[in-house]
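A short reminder: the numbers here are calculations on the coordinates, not readings from a lab. Predicted, not measured: the structure shown is a model, and the values here were computed from it.
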Amino acid sequence: MKVGIIGRGAIGVCLASYLSKQNQMQTVLFIRDTYEPISPLYLQQVDGVDIAITAPQVNLNAETLKDIDLLILPIKHYQVETTLLALQGKLSHHTTVLLLHNGMGTQALIEKHLPNTPYLIGITTDAAYQVSANRFHQVACGKLEIGCPIQTSEIDSRNVSTRSMTELMKLHPRLTWREDIEYAQYQKLAINAAINPLSATKNCKNGQVKHFKDELKQIKSEIFDLYEFMNLPIDNHELSQQIDDVIDLTKNNYSSMHQDFNKNRQTEVDGILGFLLLKGEETGMKLPFIESLYQQIVSSGSA
Ligand code: PAF
């Protein structure tokens with residue numbers, strides 16, 4: 001199987017590091033037009049060992065795109081649409097796309113812009129950040145959950161993914177297949193919504209989010225009410241525990257939104273709080289605390 005990874009982001013580099021240990025898997029990093037290849041890239045793994053990522057870096061417009069069987073998009077939520085547009089007309093019929101980002105709402109985009117392309121959804125708890133142009137630091141080697149959402153198009157990604165399951169397993173040391181990937185996405189969305197905006201606006205590490213008890217309680221309760229109203233088969237007590245567990249497990253990390261917000265970069269707030277607000281609108285449910293947190297981030301210019 002030939003794997004393509006779009007971008008030189010920290011999560012993409014972690015995936016490239018796992019793949020570099022798999023002889024049978026050829027990996028290519030696709031970089032955007034304006035970027036120059038920098039080779040090799042280095043990842044300091046969680047065990048402190050530096051690993052060189054020697055996968056070739058090629059331009060997104062390259063012919064190489066045609067040979068790719070699995071194209072992974074470990075990019076920011078707000079980069080998904082432009083990337084999908086850039087891929088139009090360039091993929092082969094045998095290419096499956098794997099969306100891998102925080103937040104929700106991009107399923108409609110892939111079905112709109114690449115209607116004939118099978119796709120999968122991934123959720124990762126890997127954590128890493130970029131130190132310099134060619135150096136990355138992995139904070140946690142988490143897990144990767146992959147699944148095939150119900151698709152409105154004629155394309156059946158389920159067949160594609162079942163056939164290449166053995167191959168897919170090589171993508172990550174801890175990969176699991178989730179039949180209920182959409183619920184897993186809603187769980188991850190709740191975790192991101194509870195941690196990321198608070199850590200960004202309060203300028204704190206993930207572990208300190210729990211000191212903002214009232215805010216955390218309020219955000220959890222709005223999410224749980226919404227999920228209940230949407231009839232999602234998610235147990236609120238379990239979800240609350242999962243949120244607390246991620247806060248503890250990542251207590252020394254700065255969330256991705258904290259990093260973006262504090263560097264005045266665009267954040268994934270639209271894919272996280274924005275998506276919840278959209279669901280609130282659709283169901284007629286008011287989410288005042290989530291709305292105010294959203295406004296606070298947007299008004300700072302970090303939409
Ligand atoms: O976005 C992030 O930083 C992570 O997904 C996590 C662990 C949920 C929050 O830090």
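Dividing the radius of gyration of the alpha carbons in the chain by their Kirkwood radius gives 0.95 for Rg/Rh. Here K213 is the anchor, and the aspartates and glutamates within straight C-alpha reach of less than 13 Å, apart from those fewer than 8 places off in the same chain, are D244. Note on region 1-60: Cα convex hull, mean projected area over all directions, 3.9 nm².
Note on K2: lysines with a C-alpha under 24 Å away, same-chain residues under 8 apart excluded, are K21, K66, K76, K90, K143, K170.
With θ taken as phi - 60° and the Karplus curve 6.51 cos²θ - 1.76 cosθ + 1.60 applied, the whole-hertz 3J(HN,Hα) list for region 58-67 is 10, 5, 4, 7, 5, 4, 3, 4, 5, 8 Hz, x standing for glycine and proline. Its residue count N fixes a reference of 2.2 N^0.38 Å for region 157-303, and the Cα radius of gyration divided by that reference is 1.12. Across region 44-53, rounded Karplus estimates of 3J(HN,Hα) from the backbone phi angles (6.51 cos²θ - 1.76 cosθ + 1.60, θ = phi - 60°) give 8, 6, 4, 7, x, 7, 7, 10, 8, 9 Hz, Gly and Pro being marked x.
Which value at 222 nm does the chain reach when only helices count, each DSSP H run of 4 or more adding -39,500 (n - 2.57), with the total divided by all residues and rounded to the nearest 500 deg cm²/dmol?
On the way: 11 runs with 117 residues, N = 303.
Computed mean residue ellipticity for the chain: -11500 deg cm²/dmol.
With the convex hull of the Cα atoms taken as the outline of region 44-118, the averaged projected area works out to 6.1 nm². Amide H to amide H, with H built 1.01 Å from N, N102 comes under 5 Å of H77, counting only residues 5 or more places away or on other chains. Relative to its Kirkwood radius, the Cα radius of gyration of region 2-178 gives an Rg/Rh of 0.93.
In the chain, the longest principal axis of the Cα atoms and the axis of helix 236-249 are about 70 degrees apart.
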